[in-house]
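First comes the structure, then the notes that go with it.
The values are calculated or read from the model by the stated rules, or taken from the named source; none is laboratory data. Keep in mind the model is a prediction, meaning the values are calculated, not measured. Virtual Cβ from ideal backbone geometry, glycine too; neighbours counted across all protein chains shown. Side chains included, ligands, DNA and RNA excluded: accessible areas come from the protein's heavy atoms. Shrake-Rupley method; radii C 1.70, N 1.55, O 1.52, S 1.80 Å.
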Amino acid sequence: MGCFASRPKDTGGNRRKPTSIGDVSVYVPGLRIPKPVEFSQSLGDQLPKTLVERLTALRTRIVVMANQEGPTITRTRRKTQHGGSTLADLHQALEDYLPVLLGLTKDGSHLQCKVQFNWVNQEDEQEETAISNVWYEILSVLHLMAMLQMSQANLLLLPRGSSDGYHPKISEENRRASIDIFLKAAGYLDCAVKHVLPQFSTELRRSLPVDLAEGALRALCLQALGQGVDIQLGMAIDSAKATLAVKRRLSCEMVKYWQQAQDNLMNLPLANGWGEKHSLFVKWKYVEAKAAAYYYHGLILDEGNTEKSHGMAVAALQAADECYKESKKASEAFNTSSPTSRTPPLFGTMKYLSEKIPKETSSKVRINRDLYSYEKIMETAPTLPDFALALKPDEYQLPSVDASWSEDSLQTKKTSNHIKGNQR
């Protein structure tokens, strides 16, 4: 089809990495920023002037907003002059742009490869990637929409001062809202993998920056789901009605999400600080999830009446304690890597487990070793139960092509342009 990709040389100023990103509950590996596009040069003689101008205006709005918000979006809760959220405004701008942009794909349109789209990367070694393919632009838009959702979730999950004047808290309303946001972000990424990446030839896929590689998109989708389950587990811990079995199931599911996220990142050449930090975040959350899973598995095993079940319980709790200690080291490695960050005050799952795991492990080990010989206690952790993953991405579908691309609309405008051309 004549579509091609290029990798502009680093120009030393487009990719702006802050030295610190502040408190992080939800890691967002930077925001890819679009660079200006001259639609009129590529499409001026192919489409009606009004349609070209509309594409230009919609994308220019995104370029301006993304460049303003990109460097600070992970750190601040900025508002517009009308009191709205800048995150929401940028997200809306992307939603407004997408139906009009999709017109370039209509019926296998010959226009798919007419425009070169250029974006500044964050996790790739190359600063920018330019590709003359509208599907690259669509993929980049979906990725940015997902990252904005993840940024919004991070803001909701930063503990705020409570009315009782004691520990900062996160309201149940914010926790429930964050789960919805995680599922929406996962939906955008799932759509990108299932419906947009298949539009690329094998050669063009190799030209994509690592930010948009299938493994990176799948890992971010799994991260969103894993963090959603983490919030569910925290709410279950706070609920008197939630059984140990429910908590174990949620924590074991969380392990699978994070393990799969880690597997997807394993062979990707993540670079430029953001990418390296991304890997460290997933490693930290994976180990943290294992601490929770072994803890609840150990408590259930300890309810058994045999020496074997008690021995397995001790081994599981010891594994939980080791994973908890490892998670603290992993958290420190994540926070000290560039750009530096901070872990906000603990809440939910880890606030509870940070108090319970050391205490419960010490107590159960002492009791069981008093009751049974050392040989009866397992030295290796028992296998965690394997549960099917319950949390799924929202089902997101690309919007319908905007009405301005209808045959009647285009024909009317083409006729008008033709008459004007003859008059000249």
| message | Can you tell me how many residues within the stretch 84-116 are of a type in the set (A, V, I, L, M, F, W, C) and closer than 30 Å to residue 153 by Cβ? | response | 9
| request: Determine, yes or no, whether residue 248 is part of a helix (DSSP H, G or I) and in the same structural domain as residue 299 (by the TED database). | output: yes
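Yes or no, residue by residue, for (1) surrounded by fewer than 18 Cβ atoms within 10 Å (Cβ to Cβ); (2) of a type in the set (A, V, I, L, M, F, W, C); (3) modelled with pLDDT of 90 or more:
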residue: 351; (1), (2), (3): yes, no, no
residue: 364; (1), (2), (3): no, no, no
residue: 369; (1), (2), (3): yes, no, no
residue: 377; (1), (2), (3): no, yes, no
residue: 399; (1), (2), (3): yes, no, yes
residue: 405; (1), (2), (3): no, yes, yes
residue: 410; (1), (2), (3): yes, yes, no
residue: 413; (1), (2), (3): yes, no, no
| Pick from the stretch 59-78 the residues that are modelled with pLDDT under 90 and in a helix (DSSP H, G or I): which of them is least open to solvent (accessible area, probe 1.4 Å)? | 69
| field | Selection count where residues are closer than 18 Å to residue 30 by Cα, in contact with an Asp or Glu (Cβ under 9 Å, 6 or more places away or on another chain) and assigned to a helix (DSSP H, G or I), scope the stretch 198-217 | value | 6
| message | Kindly evaluate residue 41 against the criterion of being open to solvent by 50 Å² or more (accessible area, probe 1.4 Å), modelled with pLDDT under 90, out of contact with any helix residue (DSSP H, G or I) (no Cβ under 7 Å at 6 or more places or on another chain) and not in a loop (DSSP other than H, G, I, E, B). | response | no
| request: Those residues that are in contact (Cβ under 8 Å) with a residue 40 or more places away in the chain and open to solvent by 30 Å² or more (accessible area, probe 1.4 Å), I need them from the stretch 245-259; list them, please. | output: 245, 248, 249, 256
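Conditions (1) buried (at least 24 other Cβ atoms within 10 Å of the Cβ); (2) modelled with pLDDT of 95 or more; (3) in contact with a Phe, Trp or Tyr (Cβ under 7 Å, 6 or more places away or on another chain); (4) in the same structural domain as residue 352 (by the TED database), marked per residue:
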{"residue": "177", "(1), (2), (3), (4)": "no, yes, no, no"}
{"residue": "182", "(1), (2), (3), (4)": "yes, yes, no, no"}
{"residue": "185", "(1), (2), (3), (4)": "yes, yes, no, no"}
{"residue": "189", "(1), (2), (3), (4)": "yes, yes, no, no"}
{"residue": "198", "(1), (2), (3), (4)": "no, yes, no, no"}
{"residue": "208", "(1), (2), (3), (4)": "no, yes, no, no"}
{"residue": "218", "(1), (2), (3), (4)": "no, yes, no, no"}
{"residue": "226", "(1), (2), (3), (4)": "yes, yes, yes, no"}
{"residue": "230", "(1), (2), (3), (4)": "yes, yes, no, no"}
| So residue 382 fits all but one of (1) under 31 Å from the mean Cα position of the chain (by Cα); (2) open to solvent by less than 70 Å² (accessible area, probe 1.4 Å); (3) at pLDDT 85 or above; what number is the exception? | (1)
| request: Within the stretch 163-214, count every residue that is touching a Gly at 6+ places or on another chain (Cβ under 9 Å), among the charged types (D, E, K, R) and closer than 30 Å to residue 131 by Cα. | output: 1
| said: Looking only at the stretch 24-61, how many residues end up being within 24 Å of residue 278 (Cα to Cα) and of a type in the set (S, T, N, Q)? | reply: 1
| query | Is it true that residue 344 is over 16 Å from residue 286 (Cβ atoms), at pLDDT 90 or above and surrounded by 15 or more Cβ atoms within 10 Å (Cβ to Cβ)? | reply | no
| query | When residue 242 is evaluated against the numbered criteria (1) surrounded by fewer than 19 Cβ atoms within 10 Å (Cβ to Cβ); (2) assigned to a helix (DSSP H, G or I); (3) small (Gly, Ala, Ser), which criterion, by number, is the only one it fails? | reply | (2)
